[in-house]
Every structure is written in C-alpha cells, then in structure tokens.
Amino acid sequence: MSDIPSILEQRFADAILAQQATRDEIPTLWIKPASIREVLQYLKYQIEQPYRMLYDLTAIDEQARTHREGQPDSRFTVVYVLFSFERNAFLRLKIPLTDEQPVAPSVTSVWPSANWYEREVYDMFGIRFDGHPDLRRILMPRTWKGHPLQKCHPARATEMGPFQLPPEKQHEEEEALRFRPEDWGLKPEEVDPEHFMFLNLGPQHPGTHGVLRLVLELDGEEIVRIIPDIGFHHRGAEKMGERQSWHTYIPYTDRVEYLGGVMNNFPYVMAVEKLAGIEVPDRVKVIRIMMSELFRISSHLVWYGTFAQDLGMMTPVFLMFNDRERIFDIVAAICGDRMHPNWFRIGGVVQDLPKGWDKLIKDFLDYMPGRLKEYDKMVMRNSLFKRRTIGIGIYDTDEAIEWGVTGPGLRATGLEWDFRKKQPYSGYDQFEFDVPIGKNGDCYDRAVVRVEEIWQSLRIIRQCVENMPSGPYKADHPLTTPPLKEYTMQDIETLINHFLGVTWGPVIPPGEAMVGVEATKGHNSYYLISDGNTTSYRTRIRTPSFAHMQFVPIISRGYTIPDLLAILGSVDYVLSDVDR
C-alpha cells in the first residue's frame, strides 16, 4: 500500500500545511483552503486505488482549544473524512479558516453528497461554503439565531432567557412555515401549475417512520422531485457531548439510534478507549459483541414488521414485536433496562453477566429459527410483497458509494463489504459468519440482506455463548470505572479516586480518535477530540441514516407515492439517527 501523505506531499507540496498525528492513526493532513477541491478531485478520480467515498464532512470551533501542538492557526477547521474500499483505509483532511466570517470552498462539484454535510456545518458553525447550490439551515429552524456548535453558543436552557412568543415573533414563525418553492431550491418559473403539483408527505405520517417531512413535486402520480425537510428530531446530541463528562455522556448515545441500544455505546466507548490507551479484557469484547448482535436482531425485527406494514400487511408487525419482547427480556435481565440499557462503560461493561444468562440466550436461539421460517413464508415469499419491492428503488454499487451508503443498503448492490470483516473490532475476526449480499440493489434485495443478517447474528451469538472467556468484566486501568466501593474505606487514596471518578470523571489525554462499528443501519462512528479535560472538546457522530436520507430523492425519481413508501421502508432509517 502506498504512503498517501508522501504521495500528496510530492504532488501538492505548496498546498500541504502540516501532517498531524492522531490517536486513531488515520493519516491526517492540513491543506490550504484554496487547494482543497483540487486535492479531493485527485484523491477521488486520479490516484490509484481512489478514495471514492466522502465518509464525513464536519467542523471544529478551535477558539477555546488549548492543546493544538503542531497544528496550523485556525479559528474554525473543516474536516473531510474519505474512505477507499480498494485500500480499506480512511483518510482525514483538514483546512484552517482564520477569518471572523469563515468561508470555505464548496466540494459539492466533487461529491454531490457534500450538499447536506456543508449545510449542516453552515447551520451548526456559521461557516459559509462558496459555490454551494442551496446553502440554508438543515437541522435548526430557519428563524434560529446563532450557530449552536460554536463555543460561544449556550449549551443549556438555563444559559438563555425564558422563551417568549410576542405577536411579532409568532407572525415571523408562521411566515417561516409558509411554503414558497424558491425557498426550497425550486425556481418559480420551473413550476407549471397545470402539470405539476406539490404535496407534503409528513411530517407526521406512518410511512415516514418518524417526524419527517417530504415535499413532493408530482407530475400526475409520478414523482418529479423530492426535498426532505429534516431536523424535527434534532436534540443537540453533539453539543451535549461538550458539557457531559466522558462517562455521563454514555446514556445520550443510547438515544441517537434508539433501536440499536448498546450498539450506540459501542463506537463511543471504543473511541474514548483509543484516546486513553485502554485495552479491554477478552471477556468484555465477547460480551459487547453478544449484546450488540442481540440488538441487531431486535432492530431488524422492527424494520421487518414495519416494512411489511408499510406494504399493507398487519399480522407480521405484531408477531415480530412480540419476538422483540423476548430479546428485551434478556436485555433487561442482563443490563437492567430494555431499550436504553446504558450498559457499556469505558474499559468494560457495568457488571458481569448474571447467573442464568446463558440459558436465557440459548432458549432464544432455539426459538427464533422457527419464527424466521414462518416470516419468510408470510412476507418474503408473498407475491404482493414481491411485486411492491422487486425492481423498485434500484441503485448500483457506484451510486451507493458516491452518496455514502453503508451497511445493508450497500451490500444489497452486490458489494460484500462489512466492517466487522474488513476492519474487525472487539474480536469479530475470531467469529465465523457470512456477509449476505444482494444482486439488484432494489427494495427486495435490501430486505433479503437484512433477513439473512438476522440468521448470521444468531450464529454469532451462539458462538459467544459457547466460547465466553473467563476473566474480569472491565479493564484494570485508572481511567475506566472507579475503584470498587468495598475498598474505599480502607485507604484515603482509593476513597479520593472513587470520589473524583464518580463526580468529575476521568481526565482523558489530549488527542483525536474516530472509531466506527457496523451498526444496525450502516456504519456509525464517533470522532472525539479531547483537550485534556473531563469532557469532550468536540463530539462528532457520523450516522448512516443521514447519508441514506439524502440519497432517497435520487432513487425515488420517476416512481409513484406507493413506491416511495416501499423505498422509505427498505432504507430502514430512524429520524433520531438522521437528526441527532
């Protein structure tokens, strides 16, 4: 494999400002803002084994940061994360912005998927992108004042004045809700009222699986254009990462993709562990895999039942939710809670597996295969289900990569790519399982892949039960969980460490790290920056659903509204995952 920093330094010697060392060891280069578009074009189109996917695009407000050794001067930094499937490698590029009114070149001409990411950076940080086709807020209301992820923006409601709604503000808010085609990037002269009409799907509609508004431009029954309106579920998950300690932020991760449970804890705690240099015991690794795969099945059952319901079936959703309850019984017995167990910890898990855990899981492993065979007859072999899904919402591998699609949506195009296999974490390389793929990249293939993934998760869980290592359930490291309570009354040092660990939490060394997992809906990652404090300086959550929702209008053109509901169901998104 070629040394990317060296190649770029040879070709773009005048454009590279610095190379930065990071805890995750992802090559990280600082580029002059004026050259970023040229460098990205080279990496995508010209270099051998190109970086074809724009994995993430975000920003950092550097103005309150103290540990920036060796980094160029910057008030704001825009971060580009690329991924090469041929190299099986990430690459991180940064550009420094020093002006009070920061402006960066738009890269939407290189990656159309940069559209939403640049809008989010503008919305959250106030950074403008020169050349962006439709730069407006995406998560916050249009009338919002300020940019929430700037360090000067309040992080708590108590830091802001009480909410008031005088008549003039009420009028302003009502006017902001008025639909004007030009505000949505539609030119008035393009709209012919005799041939085209606009229709709101949502924001509250059963087929949108949450609070999502889709503005449809229709030519009769045919969809001409779709413009998603997201942000209704935005709760400031990344901002909260700046005010919670490293440990107390874990419960917030549960709520990002609330069907994935501990799967949301997984990338976060691994990113903190990488920052702190914490190695976890083998028992912890296997426990984490077992619980994550249980939640993968749970999430897929929700998708399976609601997808069938979207297409007119009522019985499957009741049966599958009942099976999901069986999983929740296991989760509650082990973790103490059901949907949001908040059970993974930095360096381990909350407590060891309780007595009888293996019988609970073995009973489920014996029960579930029979149910899956019934569902296969009921749903996947149903002739109406097939007519509604085969040949609908088709895209190929190149399109999926272009728009940042990961997970089952990518594998349904025929690309056998699973991060558990390609970049194994937590010991996944020690397990035997297959990576299901499709052929046609349509709604039916996306369903086939997810159904087969349930079978593979059962296979992984059985290996966990049969080969669970012995040993501790947390790492022996001072930055993990506090000392055992029983020892705190024996010496003052242990008491002090316990007190500080509980009240303040650990002080994580300065650095940057990104860790991702093959989550229920695709690749989910946490990019964390520590400034040597008890809280994160920057918490970036890259969710699969954000990229997938941006892709929905592309794969829905030319179809009808019933087809759109099938496409939405096949994507398997969650609005909390989109909006954070």
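General observations
- Put simply, the amide H of R23, placed in the peptide plane, has neighbours under 5 Å in E512, leaving out anything fewer than 5 places away on its chain.
- Scanning the chain for GluC sites (Glu not before Pro) lying in DSSP loops with no more than 14 further Cβ atoms inside 10 Å, the longest uninterrupted stretch between such sites is 433-580.
- Charged-residue dipole, Cβ positions (Lys, Arg, Asp, Glu), the range 4-148 about Cα centre, Debye nearest 20: 320
- Listed values for the range 499-514 are Karplus-derived 3J(HN,Hα) couplings in whole Hz (6.51 cos²θ - 1.76 cosθ + 1.60, θ = phi - 60°), namely 4, 5, x, 7, 7, 9, x, x, 9, 8, x, x, x, 9, 7, 10, and x replaces Gly and Pro.
- Between amide H atoms placed 1.01 Å from N, distances below 5 Å from A104 occur with R128, F129, D130, all of them 5 or more places distant or on a separate chain.
- On the beta carbon distance between R381 and A34, with R0 = 56 Å, the FRET formula returns roughly 0.45.
- Cut-off under 5 Å, modelled amide H: who pairs with R225 long-range: E217
- Likely footprinting exposure, H153, H171, fewest C-beta neighbours within 10 Å first: H171, H153
- Computed on the Cα trace of the range 4-148, the radius of gyration divided by the Kirkwood hydrodynamic radius gives Rg/Rh = 0.96.
- Rg ratio for the range 197-264: its Cα radius of gyration over 2.2 N^0.38 Å, N being its residue count, equals 1.55.
- Residue-by-residue Karplus 3J(HN,Hα) for the range 381-390, coefficients 6.51, -1.76, 1.60, Hz, glycine and proline x: 9, 5, 5, 5, 4, 5, 5, 7, 10, 6
- Between K359 and K421, the FRET efficiency estimated from the beta carbon spacing at R0 = 25 angstrom works out to 0.25.
- If the Kirkwood radius is taken over C-alpha pairs of the range 402-489, then at 20 °C and 1.002 mPa s the Stokes-Einstein diffusion coefficient equals 135 µm²/s.
- Relative intensity, log₁₀ I(q)/I(0), of the chain from a Debye sum that treats every alpha carbon as a point, q = 0.12 Å⁻¹: -1.31
- The trypsin sites (Lys or Arg not before Pro) of the range 434-487 that meet both conditions, a loop assignment by DSSP and at most 15 other Cβ atoms within 10 Å of the site Cβ, are K439.
- The charge dipole of the chain, taken about its Cα centre with unit charges on the Cβ atoms of Lys, Arg (+1), Asp and Glu (-1) only, comes to about 980 debye.
- Placing unit charges on each Cβ (+1 for Lys and Arg, -1 for Asp and Glu) gives the chain a dipole about its Cα centre, and among A475, A18, F83 the Cα reaching farthest toward its positive end belongs to A475.
- Helix-only CD estimate at 222 nm, as mean residue ellipticity for the chain, using -39500 (n - 2.57) per DSSP H run (n ≥ 4): -11500 deg cm²/dmol
- 3J(HN,Hα) along the range 268-276, derived from phi through the Karplus expression 6.51 cos²θ - 1.76 cosθ + 1.60 where θ = phi - 60°, amounts to 5, 5, 5, 5, 5, 4, 5, 4, 8 Hz, with x in place of Gly and Pro.
Taken together, the values in this text are just the output of simple stated rules run on the coordinates, not laboratory data. None of the values given here were measured: they were computed from a predicted structure. Note: ideal-geometry Cβ built from the backbone for every residue, glycine included; neighbour counts use all protein chains shown.
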